[in-house]
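Working notes for the structure below.
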Amino acid sequence: MDWHLCLLLSLLVVFAAEATTTKHMKDFIRAVESIEAVNPGLQMLDVVKGLRKAAGFDTDLIKRYLGDLSDAHDLVSDPSVTSYVSEVINHSLSEMGKEKGVVLTLDGSNVALAPMLLGLEAGLQSTVQGLYPLTLTHNLVASFLHHVHNEQTTLPFGTKGFWDSISSPNVYSLSDLPSLATDALIIGGIDGFILGSEVSSSNDHERSLSDLLKSYYSHQPDAAGLNASPRLISQKRRMNFKKLVSFSSLKSQMVQALTVHRNLNESERKRLDDVMNEGFDQFVHIYAVCPKIVTRSQWGAAAFIGSPSYLSLPVPYLFIHHTYQPSKPCTTFDQCASDMRSMQRYHQQTNGWSDIGYSFVAGSDGNLYEGRGWNWVGAHAYGYNSISYGVCFIGDYTSTLPIRSALDMVRYDFTSCAVNGGRLSSYYSLYGHRQADSTECPGNSLYREIQNWSHWESYLP
């Protein structure tokens, strides 16, 4: 039997057993590997275009920047692989709030594959002028325009969602009103912009597509966390995006794209300008200023028991905590999400609280996890819960410190996000938990560390 056929059969057995029912990036990469194995000699660009052709994914916008698919290879693959690839590449939103064409990644991100692959293809073709429109501009403009005509039933952009199962994702549902530029589309667009920029200025053309995707999406930090991790990984998405993007260029392209909509009356035009300007500022705030925040539904939170009380914003105080238990830092999304669920169970079932006590929780995986969030009163600093946020680091920091990236995420990114978003007073005061309660929290080492941070106060009124 021909060795190519043997390899195809062996890969298809694995793929059929493990990947066809899940929407995880590792399963998409496995599908790409199976295609590459039986289509030897193809370069990365050939495979990317071949995937797009197999998925039937082509629009006038794509043709304008990437040309037609007349020279794209007809990739050899099993029909089940082709069907899977088509399903996970083609993006759509249903009236029932289901979003297709999205995969879950190891870092806990939800990524629409279409804009990611389009950005990569633009970079491989050295069509750099297509990077912005193919990854971000078109989707954001379409979403803002759609919102102007449907303000009561849509969001301007960035609708997040959640999976039916974190361990075996299959159905991705929106958690709020829909938008044409969902969070998954934007994250996919940002990844496409980063990867396209990278391959356009490097020799990565010689790598296989599966190898590039594995190095970007499958990195699992060790105990040193992100401090010792490579530069080009999905956990460092926001850092790389801020270094590569020109926000002024992105905005000017969006303004230019909106000028073609001349069928709007004066009132609609003014409203569109307002939505675009406000939306763009909010886009920068969420995806460039704030850290990545994993929502409650994304880490699998149980429901709040009873009805939450609401904070009056902006709050004047910020308290720093450590978990003590779990005592070990979590360095992966799966581990951190599991720790969040464990803490919530303890707080609800053992302590008898309504919910996990903290406002937010910092993992060593690059993510900030939503606890009670921006609006709900927490249960973390007795006597001050109604006028403060409580941010907790996962781990015991009695004699050691969190990794530097986790410290910086809270010290700089979270506080900038909270202040700029109008949730934390610009004149806020920072404290350790022990300053409000009789406790060793946040641990001796971490407490010494935060005394060097801006806004730390020795006196708590």
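Structure notes:
- The simple spin-label model puts a point 7 Å past each Cα toward its Cβ; for Ala302 and Thr153 those points are separated by 3.7 nm.
- Cα centroid separation, the range 423-442 to the range 159-233 (Å): 34 Å
- For the range 23-289, averaging the sequence separation of C-alpha pairs within contact (under 8 Å, six or more residues apart) and dividing by the residue count gives a relative contact order of 21 percent.
- Computed Rg/Rh of the range 86-161, alpha carbon atoms with Kirkwood Rh: 1.00
- Order by protection proxy (mean Cβ within 10 Å, highest first), peptides 354-362, 406-414: 354-362, 406-414
- Normalising the average separation of contacting C-alpha pairs (under 8 angstrom, six or more residues apart) by the number of residues puts the relative contact order of the chain at 13 percent.
- The long axis of helix 333-345 is offset from the longest Cα principal axis of the chain by roughly 40 degrees.
- Sites Ser327 and Tyr382, calculated FRET efficiency, Cβ-Cβ separation with R0 22 Å, nearest 0.05: 0.40
- Pairwise FRET efficiency - Ser267 versus Asp334, Cβ, R0 = 45 Å, nearest 0.05: 0.35
- Against the empirical 2.2 N^0.38 Å (N residues), the chain has a Cα radius of gyration ratio of 1.03.
- Along the range 277-293 the Karplus relation, 6.51 cos²θ - 1.76 cosθ + 1.60 evaluated at θ = phi - 60°, assigns HN-Hα couplings of 5, 5, x, 5, 4, 5, 4, 4, 4, 6, 9, 10, 8, 6, x, 6, 10 Hz to successive residues, with x for each Gly and Pro.
- Nearest 10 degrees, 0 to 90: helix 113-124 Cα axis against the chain principal axis: 60 degrees
- Helix-only CD estimate at 222 nm, as mean residue ellipticity for the chain, using -39500 (n - 2.57) per DSSP H run (n ≥ 4): -12000 deg cm²/dmol
- Based on the Kirkwood approach, the hydrodynamic radius assigned to the range 315-451 is 14.7 Å, with every pair of different Cα atoms included.
- Rounded to the nearest 5, the antiparallel percentage of DSSP beta bridges internal to the chain is 40%.
None of the figures in this text is laboratory data; all of them are computed from the coordinates on show. All of these numbers come straight from a predicted model, not from anything done at the bench. So basically every Cβ, Gly included, is an ideal-geometry build from the backbone, and we count neighbours across all protein chains shown.
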